[in-house]
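Here's the structure, in structure tokens; my notes come after.
Taken together, the values in this text are just the output of simple stated rules run on the coordinates, not laboratory data. Only a predicted model underlies this, so the values are computations on that prediction, with no experimental measurement involved. Glycine also receives a Cβ, built like all others from the backbone with ideal geometry; neighbour counts cover every protein chain displayed.
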Amino acid sequence: MNPQVAQQFARLTERAAAALRQQAAGERIRIQVGSATCEQAAGSGEVLAEFRKHLAASGRSDILLHQTGCTGRCSREPIVGVMLPGQMPVLYGQVDRNLVHEIFTRHVLGGTPLLERVLDGPVAGAARREPPAKAIPPEFPDLYGDVAFFNRQSRIALRHNGVLDPESIEEYFHYRGFQALAKVLERGEPQWVIDEIGRSKLRGRGGGGFRTGEKWAMAAAASEKTRYLICNADEGDPGAFMDRSMLESDPLNVVEGMLIAGYAIAACRGFFYVRAEYPMAIRRIERAIDQCRQWGLLGRDILGAGFDFDLEIRLGAGAFVCGEETALIHSIEGRRGQPRIRPPYPTESGLWGKPTVINNVETFANVPAVILYGADWFSGVGSPRSGGTKVFALAGKIRHTGLVEVPMGTTLREVVEGIGGGVAGGRRLKAVQTGGPAGGCIPAAKLDLAIDFDTLAKAGSIMGSGGMIILDEDDCMVDIAKFYIAFSQDESCGKCTPCREGSVRMLEILERITAGRGTLEDLDWLRRLALLMRKTSLCGLGRAAPNPVLSTLEHFRDEYLAHVVEKRCPARRCTALIHYEIDKEKCVGCALCARNCPVPCIAGIRKGPHEIDQARCIKCGRCFDVCRFDAVQKL
């Protein structure tokens with residue numbers, strides 16, 4: 001044990017507490033406004049400015065206006081939280097400048113919440129569920145009130161999101177920040193850290209699901225003593241925003257996780273590899289690193305433990321393939337981002353030929369909680385083979401979009417219906433697409449499937465980094481497969497022939513099918529190409545790229561047959577396989593369709609039935625969209 005670590009950490013903790021006491025002197029009321037990229041896009045900047053005006057005009061000194069990160073309830077942003085003494089925190093959604101006035105006058109000053117504007121309330125048809133006691137320690141912050149979207153989750157990686165100021169190291173200390181690091185350095189046993197991470201059953205959250213403790217052990221056992229650590233924040237999946245949210249909302253938690261990992265493997269330097277398209281995340285990481293250096297938590301002799309470690313940021317240029325670890329390493333080295341053959345693995349020969357551990361943002365975000373609360377607690381939260389929770393970006397045809405964190409082993413039904421509120425607009429669920437471009441489509445019939453690495457793989461999909469897109473009856477599964485293959489083909493680095501050529505040929509076949517020119521032989525070729533690409537591509541991204549095609553061929557073959565044999569699209573999404581007609585009995589002759597037709601190809605007499613010239617129609621669907629009498633039919 002190292003008593004000097006405890007002494008230095010106690011001084012830092014008191015320094016943070018003193019700063020917070022001075023900042024909140026006389027505070028009785030707190031107003032929290034989200035400030036992440038998604039919140040700002042929804043108008044939180046104007047909301048924050050309006051609150052400042054009201055606060056200045058009131059002359060009150062007992063009200064603290066506080067910026068936080070993203071709560072994860074994306075479709076209801078901007079979100080404002082109000083905390084009054086003796087009252088449960090209240091969250092308001094979709095706050096604008098007018099609502100700011102009501103919140104401030106009636107709730108903040110008057111003490112009466114605006115119940116008609118409170119965020120969400122219970123999810124329709126779902127009872128409130130308290131998270132299991134073992135999932136959430138009592139000291140975890142809970143400032144979300146009685147909102148079903150939140151209280152049906154078990155937040156570990158996201159426990160500080162929307163709660164603390166992401167730019168305040170003092171607030172991070174208040175929520176037990178860096179206690180895990182101090183515990184590790186005071187103990188002084190790197191192998192104990194690796195063993196604890198291994199016993200927790202924490203698996204890499206970047207997509208591969210490799211056991212984190214095993215990866216760290218391999219690097220720690222390397223004969224080469226110069227070792228590096230990389231945080232992969234190159235989040236490139238369509239619809240995925242988990243890493244961005246964590247870096248914007250709780251960057252110091254990720255930094256602490258990297259410090260612990262760096263100590264465990266005896267690394268000398270660490271790198272954040274972040275997409276350049278994430279300017280706020282980059283800015284907040286930079287501030288977190290600067291604050292840690294100022295407080296002696298990065299650099300030489302950290303907390304007097306003799307541990308030297310520092311961090312720096314490297315920006316990615318938006319190449320999807322750089323999410324693959326060897327391509328990422330090449331990019332940091334200044335070379336073209338292309339994967340290489342493995343072995344040797346990065347833990348043996350990685351950055352500049354030295355042993356290197358690469359984990360993604362969410363993996364590092366879980367590390368402090370594992371160390372602080374114990375491996376047994378963390379492993380007990382998840383499934384038998386995968387410990388802890390998983391964060392998903394819930395998007396698509398769902399009522400409640402946003403970030404969701406649930407224990408490994410939770411069913412898709414709980415996520416989609418219990419937390420997400422079911423499919424939007426009263427439509428029927430068709431499929432759940434998980435894992436981004438490398439994932440697959442799971443049909444609605446398998447909604448009771450447990451979410452973990454192994455069960456999703458057996459179902460023809462993957463966990464991936466955590467994208468989860470909900471598809472309804474209006475989505476064409478052939479078109480969905482084409483979209484993902486087009487993405488993979490565009491992002492292929494081109495180094496290996498199976499991926500470079502196979503993705504092009506698969507896209508050509510899918511384009512023929514959706515254009516009404518497909519044949520039954522095309523379905524056989526599509527499957528053969530997909531299996532060949534999966535078996536022979538150089539990297540994991542190329543091997544997983546055919547998953548959307550293979551899963552839709554397996555679960556939705558009837559839609560492929562309808563496109564090929566019947567030359568129709570059951571979901572009426574493929575333009576070449578649909579046409580528009582006007583029901584003469586319903587048409588009142590308002591001519592609204594004719595006036596909006598861009599060709600024009602619609603003719604008829606005033607107050608009489610109209611007709612579409614099929615030879616000239618470009619199938620834009622404008623007539624269908626503007627008709628007020630349901631006279632235009634999409635067939």
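With the helix formula -39500 (n - 2.57) applied to DSSP H stretches of n ≥ 4, the chain reaches a computed 222 nm mean residue ellipticity of -11000 deg cm²/dmol.
Grouping the Cα pair distances of the chain into 20 Å bins from zero gives a pair-distance distribution of 18, 47, 29, 6, 0 percent in increasing distance order. Distant-in-sequence amide contacts of ARG28, defined by a placed amide H-H separation under 5 Å and a gap of 5 or more residues or a different chain, comprise ILE63, LEU64.
With an 8 Å cut-off on Cα pairs and a minimum separation of 6 or more residues, tell me the relative contact order of segment 160-254 in percent. Walk me through the numbers on the way to the answer.
On the way: 57 pairs, mean separation 34.4, N = 95.
Relative contact order comes out at 36 percent.
Name all residues of segment 35-74 having a backbone nitrogen under 19 Å from the label point set 7 Å from the Cα of VAL118 along its Cα→Cβ direction, giving them as ranges. It comes to 73, nothing else. Which residues does a label at LYS619 reach in segment 544-572, if reach means a backbone N under 15 Å from a point 7 Å past the Cα toward the Cβ? Once the point is set 7 Å along Cα→Cβ of LYS619, 562-572 turn out to lie under 15 Å by backbone N, inside segment 544-572.
Note on ALA576/ARG97: beta-carbon distance plugged into 1/(1 + (r/R0)^6) with R0 of 45 Å gives a FRET efficiency of 0.45. Indicate the gyration tensor shape class of segment 201-283 (rounded, prolate or oblate), computed on the Cα atoms with a ≥ b ≥ c the square roots of the eigenvalues: a/c under 1.5 is rounded; otherwise a/b larger than b/c is prolate and the rest oblate. Taking the square roots of the gyration eigenvalues as a ≥ b ≥ c, segment 201-283 is prolate. Each of THR536, THR389, THR37 was scored by other Cβ atoms within 10 Å of its Cβ. Arranged with the fewest first, they read THR536, THR37, THR389. Which shape class, rounded, prolate or oblate, goes with segment 429-579 when its Cα gyration tensor gives a ≥ b ≥ c as root eigenvalues, a/c under 1.5 marks rounded, and past that a/b bigger than b/c marks prolate? Oblate shape, in that a/c is at least 1.5 and b/c is the bigger or equal ratio. Residues of segment 219-247 falling in the label zone of CYS268, defined by backbone nitrogen less than 13 Å from a point 7 Å along Cα to beta-carbon, are 224-229. Quick one: check the C-alpha center-to-center distance for segment 263-294 versus segment 70-118, whole angstrom. Each part reduced to its Cα centre gives a spacing of 33 Å.
For ARG568, the residues whose amide H sits under 5 Å from its own are HIS563, ignoring neighbours fewer than 5 places away on the same chain, with H placed 1.01 Å from N. Along its three principal directions, the equivalent ellipsoid of segment 315-394 from the Cα gyration tensor extends over semi-axes of 30, 15, 11 Å, largest first. When CYS620, CYS593 are sorted by how many other C-beta atoms sit within 10 angstrom of their C-beta, beginning with the fewest, the order is CYS620, CYS593.
Going down the list LYS183/LYS390; LYS201/LYS495; LYS586/LYS634; LYS215/LYS446, which pairs span over 23 Å between their C-alpha atoms?
LYS183/LYS390; LYS201/LYS495; LYS215/LYS446
Quick check: from the Cα gyration tensor, does segment 169-381 come out rounded (a/c under 1.5), prolate or oblate? Cα axes put segment 169-381 in the rounded bin.
Can you check what the net charge comes to around ARG517, using other residues whose Cβ is under 13 Å from the Cβ of ARG517 (Lys, Arg +1; Asp, Glu -1)? Could the numbers behind the result be given before it?
Numbers: positive: ARG512, LYS567; negative: GLU508, GLU511, GLU521, ASP522.
The answer is -2.
Measuring between their Cα centroids, segment 303-371 and segment 531-601 lie 40 Å from each other. For segment 538-635, the set of GluC sites (Glu not before Pro) satisfying both a DSSP loop assignment and a count of at most 12 other C-beta atoms within 10 Å is given as GLU566, GLU585. Treating r as the C-beta distance of ARG385 and GLN191 and R0 as 35 Å, the FRET efficiency rounds to 0.90. Footprinting exposure proxy ranking of ILE469, ILE197, ILE313, fewest other C-beta atoms within 10 angstrom first, gives ILE313, ILE469, ILE197. Pairs of Cα atoms under 8 Å, at least six residues apart: use those to get the relative contact order of the chain, whole percent. The normalised contact order for the chain reaches 11 percent.
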